[in-house]
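Values in this text are rule-based calculations from the coordinates and carry no lab data. Here the structure is a predicted model, which means the values were calculated and not measured. Neighbour counts are summed over all protein chains in view; Cβ atoms, including those assigned to glycine, are modelled from backbone coordinates with ideal geometry.
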Amino acid sequence: MNGGLSIHCVDVASGRVAAGLRVAVQRLGPDGLPQGPLIAEGTVSGNGLLAHPALMSEAITAGGYEVRFEVGAFYRGQGAAVPDPAFLEVVPYRFHIADTAQHVHLPFKFTAWGFSLFRGGA
């Protein structure tokens, strides 16, 4: 059985989940760069998760992935005073999955000026 992938986003500057943050997931090619169609994309929901059916399906196989978080657009949409372009416009995160039976949880904690990304324990 496939363990899947979950992505949880929190705007730590406001202390709230990042509802409305745009996120995209794409596979990495042999050269380590994103290639092919997006596996999933959408906006983070009110519970802080990117709810996309592909993330908990057989679409998540062993290999490399890139997740892109559109931080600059998120803060502009919130009416925050960020420069254009923002200090963090798009945050890419590349990682690899070796064992597809294990669930991979990616907590993304961020502000307009910095972020933390790691494999969580969910």
For a quick check: sort Val90, Val25 by the number of other beta carbons within 10 angstrom, fewest at the front. Val90, Val25
Considering the chain, what Rg and Dmax in Å follow from its alpha-carbon atoms? 14.2, 45
Counting DSSP beta bridges in the chain, what percent are antiparallel, to the nearest 5? 80 percent
Please report the relative contact order for the chain, taking Cα pairs under 8 Å with a sequence separation of at least 6, and give it as a percent rounded to a whole number. 32 percent
Which of Ser14, Ala98, Ser45, positive extreme of dipole for the chain (C-beta unit charges): Ser14
I want to make sure I understand the PRE zone here: with the label point 7 angstrom from the Cα of Val90 toward its beta carbon, which residues in segment 12-26 have backbone N atoms less than 16 Å away? 21-26
Where the Cα pairs of segment 12-73 fall when distances are cut into 5 Å bins, in %: 4, 17, 25, 22, 16, 10, 5, 1
Approximate spin-label separation Ala62-Lys109, in nm, with each point projected 7 Å along Cα-to-Cβ: 3.2 nm
Just from its helices, what would the mean residue ellipticity at 222 nm be for the chain, if runs of 4 or more DSSP H residues each count -39500 (n - 2.57) and the sum is divided by every residue, rounded to the nearest 500 deg cm²/dmol? -1500 deg cm²/dmol
Please compute the modelled spin-label separation between Leu38 and Ala13, points set 7 Å along Cα→Cβ, answer in nm with one decimal. 2.3 nm
Dipole magnitude of the chain, debye to nearest 20 (Cβ charges: Lys/Arg +1, Asp/Glu -1, about Cα centre): 220 debye
